[in-house]
1. Being outside any loop (DSSP other than H, G, I, E, B), within 17 Å of Gly9 (Cα to Cα) and either among the hydroxyl-bearing types (Ser, Thr, Tyr) or out of contact with any helix residue (DSSP H, G or I) (no Cβ under 8 Å at 6 or more places or on another chain) (or both) is the filter here; which residues of segment 93-127 pass it?
2. For the subset of segment 40-92 comprising residues that are without any contact (Cβ under 8 Å) to a residue 24 or more places away in the chain and within 16 Å of Ile10 (Cβ to Cβ), which member is least open to solvent (accessible area, probe 1.4 Å)?
3. If a residue has to be at pLDDT 95 or above, at positive phi and either in contact with a Pro (Cβ under 7 Å, 6 or more places away or on another chain) or open to solvent by 30 Å² or more (accessible area, probe 1.4 Å) (or both) to count, how many in segment 1-39 make the cut?
4. Could you pull out the residue among Gly140, Gly116, Gly135, Gly126 that is exposed (fewer than 15 other Cβ atoms within 10 Å of the Cβ) and touching a residue at least 40 places away in the same chain (Cβ under 8 Å)?
5. Residue pairs, Cβ under 6 Å, 6 or more apart or interchain, first in segment 93-111 and open to solvent by 20 Å² or more (accessible area, probe 1.4 Å), second in a helix (DSSP H, G or I). List them.
6. Ile132 versus (1) over 12 Å from the mean Cα position of the chain (by Cα); (2) assigned to a loop (DSSP other than H, G, I, E, B): which is the lone unmet condition?
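The values are calculated or read from the model by the stated rules, or taken from the named source; none is laboratory data. No experiment lies behind these values; they were computed from the predicted model shown. Please note: Cβ atoms are built from the backbone with ideal geometry, for glycine as well, and neighbour counts cover all protein chains shown. Remember, those area values only see protein heavy atoms, side chains included, never the ligands or the DNA or RNA. Shrake-Rupley method; radii C 1.70, N 1.55, O 1.52, S 1.80 Å.
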Amino acid sequence: MSHNFSTKGIVASLQLCPGYRKPMRMVEEAEAIANLGLQNDTHALPDSSRQILLIEKQTLDELRILPGQVKENITTAGIQLMKLNHADRLKVGGDVVLEITKACSPCNRMEEIRPGLLRELAGRRGMLTRVIQGGTIRRGDAIELIVE
């Protein structure tokens, strides 16, 4: 099955959330744990549909936002995340498999970053995923849609 959009990209930036309302911490690599999320990330919860948040760097660039500012874990380049569907799976690096659970909805916290940002992010806030297969994710790793 071929897609008429980009299904491949890279990990442009990688961030961990150290705690509620704390600034994201940029890292070179992070350990993804199956059915949990990223090690040392406050959003890592068993059975959660919100284990890892991905957003397109192009969206951040267009809105003049820095990586991690809208609390994403993985900033992607190249792949068109918002065209993916529920249950699509992504291979990240050598081992990690993430499954799309849903599109992330912008919350009122976005208005604290900049008034109007909630509206600007509508429909391109990124994709929430859960970890199917764990492993190490590194900045610069390849990301691609697994086509079965």
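1. Val96, Val97, Leu98, Glu99, Ile100 - these are the residues of segment 93-127 that are outside any loop (DSSP other than H, G, I, E, B), within 17 Å of Gly9 (Cα to Cα) and either among the hydroxyl-bearing types (Ser, Thr, Tyr) or out of contact with any helix residue (DSSP H, G or I) (no Cβ under 8 Å at 6 or more places or on another chain) (or both).
2. Result: Leu60.
3. 1
4. Only one candidate passes the filter, namely Gly140.
5. Taking only residues 6 or more apart or on different chains, the pairs are Pro106/Leu118; Pro106/Leu121; Glu111/Leu118.
6. (2)
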